[in-house]
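What follows is one structure encoded as structure tokens, with my remarks underneath.
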Amino acid sequence: MLERLAKIEQQYIELEAEMTTEEAISNPKIMQGLAQERARLEELVTLYRRYQQSVKTLEETNAMLNDNLDEEMLSMVKQEIDRLESNIQQQHQDLKLFLLPKDPNDDKDIIMEIRSGTGGEEAGLFAADLFRMYTRYAQIKGWATDVININEIGTGGIREVIFEIRGRGAFSRLKYERGVHRVQRVPTTEASGRIHTSTATVALLPVADEVEIDINQS
């Protein structure tokens with residue numbers, strides 16, 4: 001796996017070099033193609049470089065065990081080694097997942113629908129919470145959101161909302177959110193303090209690519 005990642009990193013470096021050539025700079029079509037290919041590899045290469053840095057830091061920290069350390073410093077070094085080993089294990093797993101064959105829809109924008117389910121007004125409030133959560137997540141990721149249709153409930157809840165999320169990797173990050181979501185909590189309007197169970201359903205579809213159609217007028 002690491003050999004494959006090293007080759008991908010080299011490909012990324014070569015793409016960056018090509019983007020500075022006179023041929024690429026003077027030809028927007030070539031530049032666009034190179035930029036798209038670079039963007040496709042960028043997240044993986046960044047993750048791989050972080051992994052390499054973590055491995056290097058672990059080696060340097062392990063070397064400190066050979067020094068004449070007092071008990072307190074030795075304990076700190078061992079804690080840091082444990083932390084680094086845990087990080088490296090997680091980064092290695094992330095890299096393995098990144099190299100798996102990708103869903104062809106992973107980089108597409110999405111249309112998401114959230115509907116309140118069982119639970120009355122509390123279900124509507126739960127649906128509104130989910131809507132805020134997903135739009136906030138999109139904002140953090142730098143994605144754009146547009147509400148297509150929303151049916152609100154007077155208490156601040158949502159009966160149904162349909163919205164678009166536009167950004168690279170939106171489908172891959174959110175596709176597993178599909179299904180029924182469930183929450184158990186005490187509503188603010190519940191005087192007796194009883195726990196209510198509410199549900200909301202989340203559905204999403206990838207936005208279809210635009211297709212140019214030439215119509216023969218003859």
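The values are calculated or read from the model by the stated rules, or taken from the named source; none is laboratory data. Since the structure is predicted, the reported quantities are computational estimates derived from the model, not experimental observations. FYI the Cβ positions are ideal-geometry reconstructions off the backbone, even for glycines, and counts take in every protein chain you see.
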Elements of type helices (runs of 4 or more DSSP H) contained in the range 1-78, each with 3 or more residues being in contact with a Phe, Trp or Tyr (Cβ under 8 Å, 6 or more places away or on another chain): 2-18, 28-63
Selection status of residue 201, at pLDDT below 95 and either among the aromatic types (Phe, Trp, Tyr) or at negative phi (or both): no
Selection within the range 162-173 - assigned to a helix (DSSP H, G or I) and surrounded by 21 or more Cβ atoms within 10 Å (Cβ to Cβ): 170, 171
Any hit, the range 55-73, residues being without any contact (Cβ under 8 Å) to a residue 40 or more places away in the chain, of a type in the set (Asp, Glu) and under 23 Å from residue 168 (Cβ atoms): no
Boolean, residue 98 is of a type in the set (Phe, Trp, Tyr) and modelled with pLDDT under 90: yes
Top-ranked residue in the range 128-152 [being out of contact with any strand residue (DSSP E or B) (no Cβ under 9 Å at 6 or more places or on another chain) and of a type in the set (A, V, I, L, M, F, W, C); ranked as modelled with the highest pLDDT]: 133
Search result, residues across the range 141-161 that are among the hydrophobic types (A, V, I, L, M, F, W, C) and part of a strand (DSSP E or B): 144, 147, 148, 150, 158, 161
Among the residues listed as 148, 158, the single one being in contact with a helix residue (DSSP H, G or I) (Cβ under 6 Å, 6 or more places away or on another chain), outside the structural domain of residue 46 (by TED's automatic domain parsing) and under 16 Å from residue 203 (Cβ atoms): 158
Filter result for residue 94 (touching a Ser or Thr at 6+ places or on another chain (Cβ under 7 Å), surrounded by fewer than 17 Cβ atoms within 10 Å (Cβ to Cβ) and closer than 30 Å to residue 53 by Cα): no
Residue list for the range 105-140, restricted to those being of a type in the set (D, E, K, R), over 13 Å from the mean Cα position of the chain (by Cα) and assigned to a helix (DSSP H, G or I): 121, 122, 129, 132
